[in-house]
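In what follows, a single structure is set out as structure tokens and then discussed.
The values are calculated or read from the model by the stated rules, or taken from the named source; none is laboratory data. Not measured: the values here are computed from a predicted model. Backbone-built Cβ (ideal geometry, glycine too); neighbour counts: all protein chains shown. What goes into the accessible areas is simple: the full protein's heavy atoms, side chains included, and nothing from ligands, DNA or RNA. Shrake-Rupley method; radii C 1.70, N 1.55, O 1.52, S 1.80 Å.
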Amino acid sequence: SRGRWTDTADAPVGMLWMPKILAKNVGWSAASVTRTAVHESVRDAVDALRAGPEPDLLFADIRLSDGLSFRVFDEVPVRCPVVFATAYDAHVVEALERNAIDYLLKPLQAERVARALDKYVRLREHFQGRLTGLADALSRRADDGPARVIARRGAALVAVPRERVAWFTTAHQR
């Protein structure tokens with residue numbers, strides 16, 4: 001499967017090991033993992049997220065060249081999960097208010113990043129499983145019930161195939 005990740009950093013590092021960790025822990029094939037961008041400033045990150053498409057996962061450094069990355073979330077609706085990384089532990093609560101699934105302290109260690117990615121996978125599977133179950137239930141419900149509905153057309157009653165019914169209305173006559 002394929003995956004796209006973006007990170008924000010005031011001093012971008014290679015993170016050359018990241019595609020391997022993503023492939024191992026998230027299940028994205030190493031060749032298909034795409035680092036869509038590195039944004040060094042709040043302004044760059046906002047512009048890129050507005051332009052889209054949104055990444056599957058966002059790694060966000062708290063301190064960027066022109067301010068705190070939290071400003072990005074104030075300006076752009078970010079719906080993807082976020083892993084925050086910083087040298088400061090003072091922003092945990094604020095990070096949790098902005099889609100954080102983890103909060104990593106620098107220097108980043110591959111093992112700790114792998115645990116954050118494992119959390120991402122578990123959450124993704126949990127919600128995908130729920131959506132799959134809901135879709136299955138809805139499709140089963142759509143198959144239940146009569147094949148035809150009796151409706152009034154003028155003074156006559158007619159049988160209408162269920163797939164031709166778009167909605168029902170009533171005049172509430174007494």
Measuring from label point to label point, each 7 Å out along Cα→Cβ, what is the K106 to E94 span in nm? 1.6
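Test of understanding: what is the full-extension gain from T169 to R50, defined as 0.36 nm times their sequence separation minus their Cα-Cα distance?
Working: separation 119, 0.36 × 119 = 42.84 nm, distance 4.19 nm.
Gain in length upon complete extension: 38.7 nm.
Rounded, prolate or oblate, given the Cα gyration tensor of segment 62-126, with a/c below 1.5 counting as rounded?
Working: a/c = 2.25, a/b = 1.22, b/c = 1.84.
The shape class here is oblate.
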Pick out, in residue order, every one of the chymotrypsin sites (Phe, Trp or Tyr not before Pro) in segment 61-166 that is DSSP loop and has at most 13 other C-beta atoms within 10 Å; say none if there are none. Y88
With a 1.4 Å probe and all protein chains kept in place, how do E111, E40 rank by accessible area, largest first? E111, E40
So how far apart, in nm, are the two label points at R79 and D66 if each is 7 Å from Cα heading toward Cβ? 2.6
Taking R0 as 25 Å and r as the Cβ-Cβ distance between R162 and Q128, the FRET efficiency 1/(1 + (r/R0)^6), rounded to the nearest 0.05, comes to 0.25
